[in-house]
Structures are given as structure tokens and as C-alpha cells.
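Single-structure report; data block below.
The values are calculated or read from the model by the stated rules, or taken from the named source; none is laboratory data. Note that the coordinates shown come from a computational prediction; the quantities given were computed from them, not determined experimentally. For neighbour counting, all protein chains shown are included, and Cβ atoms are generated from backbone atoms with ideal geometry for every residue, glycine included.
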Amino acid sequence: MSTLLMALLLVMVLPLFLGSWRASLFGLCSQGLLMAWLSVEAHPALSSPGDWLTLVDLVLVRGLLAPILLYQVLSAREPTARHDVIAPNLLTWTLAGGFVLLGFNFASAMVPEAGDERQLIAVATGGVLLAFLVLSSQSGAFSQMVGALRFENALALYELGNAHHEESILVHAGQLVVFLLTIGLFRWYLETVGPAAPASVMSADDVPEGPTL
């Protein structure tokens, strides 16, 4: 599990530095599939409906459906390949690295014993902080959507390691429905956000300044 968690951390961090909307969507896809792999390793028997629902959530919804739906809209509009979800400067990149380290320090304080649980908390915490960095860096519609989906994935990862309570399958199903509606809203907004194709993925720094009134 340690190797999977490190791979998950890698796909959380790398798309931030690559500055491509395709890399961002590939990162979201990889996060869902790797979390599904973690879930199967934790519950290999898949003995309960909740285990199967978790697998559907991680593989079909987070790993495939969300990235594919957004990809269809963006590829149809043929935007420029370059799109930074965080500001491409040394300060922001340093903050991203610092947030990853902060996640590991937080996990060390919360989980005294070294092991998979500590690593999972570290990666999940780093994912939450990186999602906040994305949300606070760029105001473009696509960047905000990527930040929100990153945040949801980090919370899902934390839930995978939370073995202290059994979540009701009805609650889990309700959360999945809400997440599906959110993805649908994201796709609809990207399709209707503006007449110009690149505008939906244009970063805030690229938008020309207009009159105040």
C-alpha cells in the first residue's frame, strides 16, 4: 500500500507543474483509479454492498466519468494545450512543495505510529491543501472545477482509511448522487460559460482587463 500511496501523491503533485488541462484530467483519472486499487487491497473480498458501491464511486465516477465528461467539452472547443491550474511561478511551486511536507508533519502528529495509516493521512492532508491552493490560485471555471474535484478525492481518500465507523449505504449512495449531479453541473457550465472556445479554460492572468463598470 505504501507504493500506491506514493504513486497517488505523485499524480496529485505532477499535474500542477505540467500546466496542461489534459494533465489535470489525467491526474484526476489516476487519483480515482489508484484509490480504487487501495480500496480493493483493504477489502479484497468485496463482501458488502458498501464495498461495491465504493468501487463504483472510485472507478466509474471519479476515475472515468468525471474526467471523460470534462474532456469531451474541452476537446470539442479545442482550447490551447497550456493551462495552469496554479500560478506558474516559484512562489506557488514552493507553496505546493511546502503543503506536501506540511501534510506529512500533520500526519506524524496525528498518528504516532509509523505505517500505512500515517502515510494515508499524510497524502490525504496534502491533497486537501493542494486543492485549496488550486482554488485560491486561479479564478477560471476549469481551474475551480479541478480544485473542487481534487478536494473531493482527498476527502474520499481519508474515508478509505477511516475504519472507526461503518457508513450507511444509503448515506454513501446519497453522496454519490450529489457528486454525480455536481459533475453534470460542471459539464453544463463549461458548455455554456462563454461563446469563445478558449475562454472556458483561460487562466485569470490571460483575461484582458476590462472597464470597472
Requiring at least 3 residues that are of a type in the set (G, A, S), the helices (runs of 4 or more DSSP H) wholly within the range 1-59 are 21-42
P44 meets each of (1) surrounded by 22 or more Cβ atoms within 10 Å (Cβ to Cβ); (2) without any contact (Cβ under 8 Å) to a residue 40 or more places away in the chain; (3) of a type outside the set (V, I, T) with one exception, condition (1)
Reported set for the range 14-32 where residues are closer than 20 Å to A124 by Cβ and surrounded by fewer than 17 Cβ atoms within 10 Å (Cβ to Cβ) is L14
Sole miss for T3 among (1) modelled with pLDDT of 85 or more; (2) within 24 Å of Q175 (Cα to Cα); (3) surrounded by fewer than 16 Cβ atoms within 10 Å (Cβ to Cβ) is condition (2)
Does F151 count as of a type in the set (F, W, Y), in contact with a His (Cβ under 8 Å, 6 or more places away or on another chain) and within 21 Å of L25 (Cα to Cα)?
no
